Structures are given as C-alpha cells and as structure tokens.
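As structure tokens, the structure follows; a few thoughts come after it.
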Amino acid sequence: MSLWIIFACLTAAVLGFVLLPLFRRQSDLAGRKAYDLAVYRDQLAELERDRAAGLILQNDAEAARNELGRRMLAADAGESAAPQSGSASAAPAKVVMLAALVGIPAVALTAYTILGRPDLPDVPRQQRIADAVKNNDFTGMIAQVEAHLAKNPQDVQGWLVLAPAYRRIGRFTEAAQAMAKAVALSEPTPQLWTDYGEALVLAAKGIVTSNARTAFEKALKLDKNHVKAQFYHALAVKQEGDTEAALAEFKAILKKAPKTAAYRNAIERQIALIQPVAKAPALSKEQMESAKDMSTGDRMEMIRGMVDQLAGRLAENGKDLEGWLRLANARMVLGEKDKAVAALNSAAEQFRDDAGALRRIKDARTQHGLPESSQE
Amino acid sequence: MIAETGHFALLLAFAVAIYQFAVPLYGAHIRHDGMMATAVPAAVMQFLLLCLSFACLTWLFVTSDFSVHNVWANSHSAKPMIYKISGVWGNHEGSMLLWVLILALFGALVAAFSGNLPPGLKARVLAVQSSISAAFLLFLVLSSNPFNRVDPAPIEGNGLNPILQDPALAFHPPFLYAGYVGLSVAFSFAIAALIEGRVDAAWARWVRPWTLAAWMFLTVGIAMGSWWAYYELGWGGWWFWDPVENASFMPWLVAGALLHSAIVVEKRNALKIWTILLAILAFSLSLVGTFLVRSGVLTSVHAFAVDPERGVFILAILCVFIGGALTLYAWRAPTLKTGGLFAPISREGALVVNNLLLTASCAAVFIGTLYPLALEAVTSQKISVGPPYFNLTFGPIILPLLMLVPIGPLLSWKRGDLWGALQRLWVAALLAAIFAVIALVWQFGGPWLAPLGIALGVWMVVGALVDTANRIQLFRKPLNVSWSRLKGLPGQAFGMMLAHLGVGVMVIGIVAITAWREEVITVLKPNESLQMAGTTVTFLGETPLTGPNYTAEVGRFDVSIGGTKITTLTSEKRVFQPSRQPTTEVGLHAFWTGDLYVVMGDADTSGGRTVRAYFNPLVHFIWLGAIIMSFGAIVSLFDRRYRVGAPKRTRAPAPQPAE
C-alpha cells in the first residue's frame, strides 16, 4: 500500500512543479533583440576591461568596437517588425495543462502496470538471511549457516546442520565437504562416520569410494553392529565385485533385523539384485511352491493380493521410496497403468522436497513410458 | 519497495520527457511564454527522477538484492563495496541508465545556467534534448529494463566481469558517457537553430562551453581507458586502434574541430553553417559509438543477431536522429545568414585548416573502423584493419595539423602575417632542433624519424609558451608588467596554451614509446634474471594469495641497477570466483625516463615462468599530456566571459495587447 502512496507523491510533485509556469498570465520576458544586445553589451564591457588592462592594442580595440557596434546595429534593425514578446493567452495553456495532468500519470501508470511487479518485496541479501527462519526460507537459512561458519569455522554443530541441508537441495558435493569438516573437528561417533561415508557415496553418485569405505570401516570399528555402516560396507564389497561375500554380509544384516525394521526393504532389494531368484522378495518358499502349481489366473490373483498388501502398507507409511517404485513396477506388470501413475504421483507427493527421490521417480516414469509430472 | 520505486521513477521520467519534448516545442511555435518556460522545471524534474531511479538501482546493488535480475546477473555478495557500486554501470542495462541520467543532467544544466538564452531558443534546445532522452528511455524500458525482477530470488549473484574490477575502469565509463552525452547539448543547440532559422549571438556564445565540457570529459575518459588498457591487459601497449577505442576517438576528433570552429562563430560571426554541421556530426558519432559498443556489433557482426531487439532499437534511434538532423540541415541551412569575410591566411583560415584536417582524420578512422564491419555484413569475409592502416592514413593527416598548431594562435583575425608569426616562433624552432640533435645522439641508430618526432613535440610545447610570452610581452616590458599582464590573461588564452602544450607533451610520449621501447620475452626460473634498459630484473619466485573474491599466484621480481637494489615488483595472475576467469596484474616501476613493466605469464613445463618485460620510455607523457589538455579545458570553461548577464526584463514599451 505504501508503495502506491510513494508513487502518488512522486507524481503529484512532478505535476505541481512542471505545470507551475503554465499559470503564468503575464509575459515578463524580454524581446529577442534584447538578448542579442545583452551579449554584445557584455562583449563591449569585456573589450573595455581588456583595453584597460593593456591586453589589447588601441588599434585592435578600436576595430573590435566598430565590429561590435555594427552587429548591435544589425541586431537592432533585424527584428523590429517581429512582436517583442510572446502571447500569454490562457486558452491553449488550459488544454495543455489538462492533457499533462491526465497524460503524465497515465503514461507512467500504464507502463508500470504492464512492466512493474508491485507484489514483490525487496530482498536485500543480509535482510533475507536474517529473516530466513521467520520466512521459512530454506535457501536463506543455508546462507545464514554459511555466513555463521565463515566466521566460526570451528563450529561442529554448524557443519552438522549444513550438511543435511545441502543434501536436501541436492548439493551433494557440498554436503560431503561439510561432513568432512564436522568429522575433522570432532571426535566422531559411529553415526557421524557413517553419515560422512553416506555423504561421500551420494556425492559420488552411489559409488562407495575408498574414502567412504574407510569411513564405514571406522564406524564399524567403534560399533560393529551399526546397521547402516554394515549395509554400506556390504555395498562396497559388492561394488568391488565380490558378490558372494556381499551377499553373505547382506544376509547377515537381514537375519539380525527386526521384522518391522524399515530398512529391511533396502537390504532385500540388494539381495534381490545379486540373486535374481529372489526377485519377488515377498514370496516365501512355500508361496513359491504353491504358485508353481497354480494356473496363470490364480497366480496373477496371488500377485495382485500381495501388491495390494504392499499398497496398504505404503498408505500407512509413505516414507518408503523403494516400496512405491516396486508398487508402480508391479502395477505395470499387472497392466494397471492408472494405478501405476497414481502410485508414482503419491510417491512424488511424499518426497516432494527430496531432489534425489524425485529424480528416481522421474526415471521410473520414463522407464515405464508414463507421462511426466510437473512436480519432478 | 526500493526496486519498484526506482522502476516507477524511471517510467515517470519517460512521461516527463515526452512532456518536455512536446509542450515547449509547441509553445515556442505559437510563442506562448508559459509553455516555453515549462521546459525548465521539466528538465530539472526529469533529472531528479532519473537520479532517484539511479540511486535506487545503486542501493539494490549495494544491498545485493538478487530479486532484481540485473543485480543477480552482474553482482556478487563477496565483491568489495566499490565494485558493487561500479557494478551498477558495469553492465548493459545500468550503463544505459547512466547514459540517460547524464543526458538529463546536461538538460538540467542547460536549464539552470542559460538565463541569458532567448526563451524560444532555450525551449527548443530543451525540447530537442528531451526527445533524445525520450527515445533512449523507451529503449531502456522496453529492451533493457534494469528493474526486471526474479521470483523467487536467488541467494547469490553471478558476479561482475573480473576484468572490470579495477579502479580506472570503474570510473572510465561515467567520464566517457559525460563526454558522449555532453555533445548532445551542441546537437540540441544546432537543431534548435535550424528550427528557428537563425543563429543568435547567444547561440554562438553557448555552443562552445558545452562542447568544451564534453570534450574535456571525453579526453579524461579516453585517457583513463588507455591507462587501464596499459596496466591491466598486460600487453604493454597503450592504444590498439581497437574499434571500441575508435568509437570514442571519433567524436573526440570532431568535438575538437567543433570547439575551434565555434570560436570563429563567436568572434567573427562566420562559419555558422559549418559549425552546425559539425555539432550534428559530433553527436551522431557519439550515437554511432554507443551503438557499436552496446549492440554487440563489434565483437562480431553475427553477435548482432543474437540480441537483434537491442541492436535494431538503437539502430532505429540512430537513423531517426542522424537522418532527421541531416535532413533538417539540408532543408534549413541555406536559409541561415552567413557573415564575416576573411583572407586565407588569418586566424579564421588557420581554424578552417584545423577543422578540415581534424574531420579528415576522423573520416580515416571511421573508414578503418566500419569498413571491416560492412564487409563482414555483406560478404561475411572477415578482415582486420590494424595499426598499419591507421599509421598510413591517420598519421599523414594529423602530422601537418600538429606542425601548424603553434602558428595558428599567432595569426591575427581577418588578415594574418604568416612570416611575422614564423619569426616569433624562432625560439621554438631552435629548441626543437636542439632536442632533435640530443635525441639523435642519445639513441643513435634508432629509427631516423624519431628525433624529428621529438622535435615536433618540442616545437608544439615551446610554441604554446611563445604565444603566451608574446601576449604578456615577456622580456620586452619589465617583468612586473609582464606579471600583471599574465594575471589579467583571460582563462580562454590560458586554456588554449595548456591544451596545445598538452598535445605537444603527448606527442613526445607517443614518439618515445613507439620508437624506443625495449621488450624482452623469456622463461625465468626462480633466481634467474634478465637484463633490460640498464636494469637487472631477477625473478624471486611465486607465492599463492587469496583475495576477497579471487585467488592469485604472485610473482616477485627484484629490480637492481649495477648491483644496487631499486625496488621489488610483483605481478599477479588472478583467477576470479565464481567465473574462474583469469586476469593479470602488471608490475610497474616508474623511473623518470619511463616505465619498467613486468608481466608474469604462464608456467613453463620446466618449472619456470614466461616473463615479459618492457621498458616504455617517457610513456607517462601520454597521460600527462591528456591531463594538461583537460586542465586547459577546465581553465577555459571558467573564463569570465561565460558569465554573461541576462538582459534586463523590460515591461514591454509597446502598447499592451488589447484584451
């Protein structure tokens, strides 16, 4: 609102100032001739000064004076017929005044409504960073922590806040760098080592680099039962090509995992990738046996039942990306394209702040030939 | 709110510019005093609004408000404050805003300082001035709006081109623009005179100071640009006949011609039509310069196609103003009265020669700059016109002019005595000959033309002093008489002496660096050294350095003469964040005989560094000359003659119009 008050004041000031001379009724301006004569008189005075100071010879001064005199005479004679001053009639002034009164604001305001963005506030950087928490401005908060850390680079807590923030907006390299600082500045716990390792893996696009592996090994040294560290260690072993050993490690983790643990999925999936037989992880041996004897229709029925079970579980707890992707996959196999789209849409909704997850959902769409969604 | 206020002020200024163009012009046509007078507050208001707009943009840059597209694209929060501010005009949009701001400033100055202009002329001058403003404001608003917003706002900006992060370049554009745009006043005066069909005495008196001011700013701007190119680009040269440089040099040459021909108009009431043409040409060349630099035509004709909107827009403005002005000239100039006869050998004659040679030299530069562009546009064949062309064309035209400079002021008006003038210059001739011999002995075996070049410079410097000595009758009258005459000397005479002397000083510098520069390019490992102009330059080694927004390798060099250490020079290779663009910082040591110039180049595979070292004799004379010239212009501007009083306001003695 105050913006429009400023605009109004500016416009009013401009109009008042600019239109003022139009109110002038009477001419008080000298004629054209007078201006020429004033200049010549000035030049004469200057000549006189120069002559008095001895800057110009008597003869030269005389000649110059004659020349100026001739010009003055010419100027005097030149315009005797012309009117000496202009008209001061009010009629055209009124029209001009009215036109300007409407025209100037109209031009400025029309242009502003087309080009301006009165809805946008200023966003000076300092201010933005200071108000980041208030405005729930995630990028601003990151900058705030960055600024804090630039001054206090020894603040472990700061680095620990910054790293997951970077990760959330997909800046994985910076996340890994922040974690490295945190590790270097503190006495790392197994969890910290693991998080550092995971950040390195994300920065390397899923590859467990040797640095990352070292981090996981350090975590396991401190706590050999740290599940996540175990998982990544197994992944490292797998990526090095020793699938047998990797499989053994994954199975060992799974064995110890409680039935309700959320991470079972991730491990089962890894096992499935190594062991193609275990592709339908939800099928137990007995189910497999019975499925073998079933007709195609019955088998589809059983699969559908299992898929519905998965869908039900995801409806209760949606924070399972792998689950959603598997569900969409199964729906496509069953030929239920609409439900596959719905599953991916729900997944995108659940993970709307996670750039990495959105990318995978998008990949799944491309893989199944489904239309893309604007969210990803 | 600040961003939007700046934007609105800009748009309001556009509306005022249209008003200032239309109403006073109509008022002058129907001789309506009020409408004519309204040009003055409109000009002031237009300037204030653009000031506000510019201040807002500056504030946005200072506070790093990246919700403004222009700030985001050209600034960075880690930049030092001075470059945040200079970043305002370090980009296309901001520099165009500065352009119109200075245009409005000149309009406001004309409004404020020309109480003695006839009201009709004043109204028309301000109207024409405002038509230029309106056209450029339209261009700014539609195709290069500096207040466009980004939503949501990014948290960090892209940064200013690091090559522009330099003090000389930070202030080079404002001066250059003040020069370019200052010529718009002479242009507006010329167009107003053509519309009126008459040239008043006041007209003649007022064109010159405005041209002089513009010329002074151009001189400073060009000198700054050349000084920057000298120490920042690291090529050791000071002028490259680069099209961007030529774009500023051409208006400078024509403005130089204009301020000389304006003297003839003022003193002798002659050369009026020619002066009006020069005024039109001078500003037209400024517009061409702006077009060349701003449209991207210069980088390549094809870059023009990348952003055709802007290029075509400026081209259209160019066509309207230059074409319109020349058409008006062809139509109206024959109606102007000419006056003032003079013999060929006279002060007027000398000034005509000056004008012809200056415009001819400008034509040579113009062809050399635009021919390659035209050729590329028509046949897409790329040629480059370099120093050899300019040395062969510009040189022979400008040399006779330089030789004639000391003679002109000694000729009298109407009918001059050439032999008498030459006789009075015997001291200058003698000293020139002596210096030529000294140069020949000192640098025996150098280019044979160089001593003659030095002689030319000395001839000009001493010639300028001889003229002044003559005016104060030095050695012919007692010293105290001469002293009092010196004190009473008008500013204009002083200014002329300084300007001509400055050209002479510059000529000496140019000749010296062109003929006697020494250059060594070699690879140095730490503690190795090179010999240069009697000094030993030893490479000490390099160390890393972190600046506010760059990282650098700093090479250190010891300079010694005969085992005595003189100084330590540093030369840097900087890499700027976030663009990773490299720049060089030159190590310079100024001896009284010239500059020692050391540049550390790229690393060699053997662990050494390529090092380029130059000795540039008397190179300071080039910029010293430019400073003296602009100082001369300032002195001349403060001449008391320009403080002409306004005519006494007469209550019209004629019978009052019946109402």
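No value in this document is a laboratory result; all are computed from the given coordinates. What you see is a predicted model, and the numbers here were worked out from it, not measured in a lab. Every residue, glycine as well, gets a Cβ built from its backbone with ideal geometry; the counts of neighbours run over all protein chains shown.
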Over its alpha-carbon atoms, the stretch A:153-275 yields an Rg and a Dmax in Å of 14.7, 47
Residues A:Glu198, B:Glu518 in order from fewest to most other beta-carbon atoms within 10 Å are B:Glu518, A:Glu198
With a ≥ b ≥ c from the Cα gyration tensor eigenvalues, square-rooted, and the rule rounded for a/c under 1.5, otherwise prolate when a/b > b/c and oblate otherwise, the stretch B:114-186 is oblate
Correct semi-axes for chain B, from √(5λ) of the alpha-carbon gyration tensor and rounded to whole Å with the largest first, are 43, 37, 21
For B:Val523, the residues 5 or more places away or on another chain with a placed amide H closer than 5 Å to its own amide H are B:Val611
Counting other chain Cβ atoms within 10 Å of each Cβ in B:74-82 and taking the mean gives 1
In terms of the charge dipole of the protein assembly as shown, which places +1 on Lys and Arg and -1 on Asp and Glu at the beta carbon, the residue among B:Met36, B:Thr219, B:Trp448 farthest towards the positive end is B:Met36
Treating only Lys and Arg (+1) and Asp and Glu (-1) as charged, each at its beta carbon, one finds that the stretch A:153-275 has a dipole about its Cα centre, in Debye to the nearest 20, of 360 debye
Under Stokes-Einstein, the stretch B:380-439 at 37 °C and 0.692 mPa s, with its Kirkwood radius over C-alpha pairs, diffuses with a coefficient in µm²/s of 224 µm²/s
Cβ density ranking, 10 Å radius, fewest first, applied to B:Ser560, B:Ser630, B:Ser286, B:Ser380 yields B:Ser380, B:Ser560, B:Ser630, B:Ser286
The answer for trypsin sites (Lys or Arg not before Pro) in the stretch B:423-480 that fall in a DSSP coil and have at most 12 neighbouring Cβ atoms within 10 Å is B:Arg476
Taking placed amide H atoms and a strict 5 Å upper bound, the residues 5 or more places from A:Val123 or on another chain that come that close are B:Ser67
Honestly the stretch B:132-256 on the Cα gyration tensor test (a ≥ b ≥ c root eigenvalues; a/c under 1.5 rounded, otherwise a/b vs b/c for prolate or oblate) is just oblate
Cα-Cα longer than 23 Å, checked against A:Lys134/A:Lys205; A:Lys151/A:Lys205; A:Lys221/A:Lys319; B:Lys267/B:Lys337; A:Lys205/A:Lys255, kept in input order, equals A:Lys134/A:Lys205; A:Lys151/A:Lys205; A:Lys221/A:Lys319; A:Lys205/A:Lys255
Helix-only [θ] at 222 nm, chain B, -39500 (n - 2.57) per DSSP H run of 4+, per residue, nearest 500, equals -21000 deg cm²/dmol
By Cβ neighbour count within 10 Å, fewest first, B:Lys525, A:Lys238, A:Lys255, B:Lys267 rank A:Lys255, B:Lys525, B:Lys267, A:Lys238
Per residue of A:7-19, other chain Cβ atoms within 10 Å number on average 5
Scattering profile of the protein assembly as shown from the Debye formula, Cα beads only, expressed as log10 I(q)/I(0) at q = 0.10 Å⁻¹, is -1.27
Within 10 Å of the Cβ of an average residue in B:483-489, the count of other chain Cβ atoms is 2
